Amino acid sequence: MTDRTRPAAAALALGSLLVAAASLPAAPAGAAGGVPSAWDRDGDGRVSRAEYRAEMARRGAYARWDRDGDGRLSREELRAPRRAGQRGGAFAAWNADDNDWIDEREVMNGYFDSYDTNGDLWLDSEEIGEFENESRIEGVYD
């Protein structure tokens, strides 16, 4: 190999490494930088509405918020994230059937939509991280 061909050989080697790296499988759920496996039950690297609702149910969030145990949340019981606006605003936005209470599905869909910042109908690791951080700060599980 001459000094003239050395840069071309290095570029070819680098290109081969990049192609090989691109063909590797995605990191498994729960791996560094990925979505925690508690949220990503099917291991596809993102969280669906169903996975989100399942994890929130496992954590008992809705049951904790439903202080009177009637299976629905009043305006006073709603623990809406700040990003969804004031509680009254979130209540109105999430109350799909426009009655005096919101059910578990409405609340979970409202939370999910509040954190799906790119609107792709999935929560990625960054969006789940924001939810977890803000939930601790705002006392969502208190």
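Every number in this text was worked out from the coordinates using simple rules, so none of it is lab data. Please read all numbers here as calculations on a predicted model, not as lab measurements. All Cβ positions, even for glycine, are placed from backbone atoms using ideal geometry, and neighbour counts span all protein chains on display.
Volume per residue, Å³, of the convex hull around the alpha-carbon atoms of segment 29-138?
Values: hull volume 10.8 nm³, N = 110.
Once divided by residue count, the hull of segment 29-138 is 99 Å³.
Rounded to the nearest Hz, the phi-derived 3J(HN,Hα) couplings of segment 115-123 under the Karplus curve 6.51 cos²θ - 1.76 cosθ + 1.60 (θ = phi - 60°) are 9, 7, 5, 9, x, 8, 6, 9, 9, where x marks glycine and proline. The charge dipole of segment 29-138, taken about its Cα centre with unit charges on the Cβ of Lys, Arg, Asp and Glu (plus for the first two, minus for the last two), comes to roughly 320 debye. For Gly43, no residue 5 or more places off, or on another chain, has a built amide H under 5 Å of its own. Considering only Asn95, Thr117, Phe131, and ranking their Cα positions along the charge dipole of segment 29-138 that arises from unit charges at the beta-carbon of Lys, Arg, Asp and Glu, the one farthest toward the positive end is Phe131.
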